[in-house]
Structures are given as C-alpha cells and as structure tokens.
1. At what distance in nm do the modelled label points of residue 204 and residue 183 sit from each other, each positioned 7 Å from its Cα along Cα→Cβ?
2. Estimate the FRET efficiency between residue 173 and residue 213 by the formula 1/(1 + (r/R0)^6), using the beta-carbon distance for r and 56 Å for R0, to the nearest 0.05.
3. Could you calculate the FRET efficiency of residue 123 with residue 194 from 1/(1 + (r/R0)^6), where r is the beta carbon distance between them and R0 is 22 Å, rounded to 0.05?
4. Mind checking the full-extension length gain between residue 228 and residue 112? Use 0.36 nm per residue of separation minus the Cα-Cα distance, one decimal, nm.
5. At a 10 angstrom cut-off on C-beta neighbours, averaged per residue, how do the peptides 83-92, 136-145, 199-208 rank from highest to lowest?
6. Suppose R0 equals 41 Å; then what is the FRET efficiency for residue 92 and residue 130 from their Cβ-Cβ distance, rounded to the nearest 0.05?
7. Counting other C-beta atoms within 10 Å, which of 220, 282, 247 has the fewest, and how do the rest follow?
8. Provide 152, 115 in ascending order of the number of other Cβ atoms located within 10 Å of each residue's Cβ, fewest first.
C-alpha cells in the first residue's frame, strides 16, 4: 500500500516538472519570437516581389544597309559632266552626271512654241464674241421688219423677211461653230501640253540624279564616256538607319516580337560602346531546316554615324519571356 502511494507521488512530480519545463515560443525573449515568425512566414511574401524583365539575345547579328541604290543611265549619250566624287554627300534630286542633251533642248523649245500657239488659240474668244454680236444684230433687224409689217402691211416684202430670218439662223449657227472651234483649240492645246511634257521627260532622263539622301561610294563612269540605258553610273548608300539581322531558335521566335525594343552594343578597341536602341521589324515565318533557327531583323537609328555595316555587334531583345545565350 505504501509502495503504491510512493509511485503515484513520483509520477505526479514528473508530470509537474514536465509541464513547468515546457514554455511556448512567445514566452521567450522578443528577438527569438521575431526570428521564429520570419522563419514561419508564408512563401507568398517572396512571390509578391516584382519579376525583373528578361532579355532574348539574338545570334550571329550582322549590320546591313537599308537604303542603297546603283543609279543607272536612262538614255544613251556622251557624258558632259560628272560633278560628284566618291565620299561626297548628296541630297535626293541632286545632279550626279549629265548626258549630252543639246538635241533634247531644241526639241523642248519647239514643243514649247507649239504649245504657246495652241494656248493662244484656245484662249482667244474673239470669234465667239463676234458671232454672238452678229446674231444679236440679225435678230434685231428681223424684229424691226416684223413690227413694220404689223403696222404697215406690205412695208417689207416677204422675200426680205425670208432673207432676214435666214440671216438670223446663219448667225446662230456661226456662234455654235465658233464655240466648237474653241473646244477643238482647247483639245489641241492639251495635246501640245502633253507633247511638251513628254519632251521635258526625255530632257530630264538625260540627267542622272540622286534617288535618295546619302553618300556616293562608287563612280563607275567618267567624263566624256558613252553610256547606254541601264548602265550603272554611280552607287549611293545611306547609313542613317541600319538593319541588324540575326537568328533565334524557332521556339523563341514568335510573331509577338514585332515592335519589341532592342538594344545593340558594339565592341570597339576592346571596349563596349554606348548602346543603340531599335525596334524589331521582321520575324521570318520560315525555319531553317538545318539549324532550326528563324531570321529576325531590327531597324537601328544611326544618324550620328557611329555604326557601320559589317561591324561585330551584340543585340538583345528586351522584355521577353526567355533567354537564349549567344553561341
């Protein structure tokens, strides 16, 4: 009996000791509580942080010209002037070379004289005004004769009245004829105007002019040479806007990339130059069956002239969902 009480008391003391030894975390010092709460914080707190935009690097990027032209001669003849040289900047419409145009100038002068004559005829309404006035006089004369007969019988013979009526009809027809003649003269003037315009086109075709703003990089002809229609005379390029072409894996080249901003950097003398901004303008719908890549292109502003076609460059498309490293 005493042994049983002793065991019960012993168990009661152990239970009390265990309860006293257990203390919840919040009964610990404040620093320990804060640490415990941080460790137990839910993962969605970290997920609330904004994700940084990713970039997509384009492989094998090459800079190409957008605007270039090999300017041909349009007419046959001897070159009488080549006023430009290689490296010279030219504006659109500026004279690059002149083909002998002496005969064309004479034809233009003759066509202009014919047009002036036709224009004078078409704008001269004297014949119409005279015919109208004659018709008015004839009509007034017939009216007076008719009134005279009404007052005094047989004051004017019937034959005279018939002649006056015929005169009135004749003058009316002359008015119509004069108006018709003026319409024909107007058509002749337009015909001469077209002929003059055609001659002036032939005259202008003997001038080789710049089709765009740019730099003359090659001159294929010389002063005094004979040129034929279609023969290359000069080559002009414009580097104010360049096209950066490269390749992306097919799974990364989506049509949604059109209009995406790009950033292009150039390595010069071992140092990376300031970046150039541009926009994606082309994503090819075709996949290369050998490489599994898609051709993409972007236009880059180069008004400062710091970029040149053929330079080694690095281009990334910003704000994309995946990253492709350059090989």
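Every number in this text was worked out from the coordinates using simple rules, so none of it is lab data. Just so we're clear, the structure is a prediction, and the values are computed from it rather than from any experiment. Note that we place each Cβ from the backbone using ideal geometry, even for glycine, and neighbour counts take in every protein chain shown.
1. For the pair residue 204/residue 183, the computed spacing is 3.3 nm.
2. Here the calculated transfer efficiency is 0.35.
3. Here the calculated transfer efficiency is 0.80.
4. Working: separation 116, 0.36 × 116 = 41.76 nm, distance 2.77 nm.
Extra length available between residue 228 and residue 112 comes to 39.0 nm.
5. Working: 83-92: 12.7, 136-145: 14.9, 199-208: 17.2.
By packing density, highest mean first, the sequence is 199-208, 136-145, 83-92.
6. Details: r = 53 Å, r/R0 = 1.28.
Efficiency computed from Cβ-Cβ geometry: 0.20.
7. 282, 220, 247
8. On the way: 152 9, 115 21.
The most exposed by this proxy come first: 152, 115.
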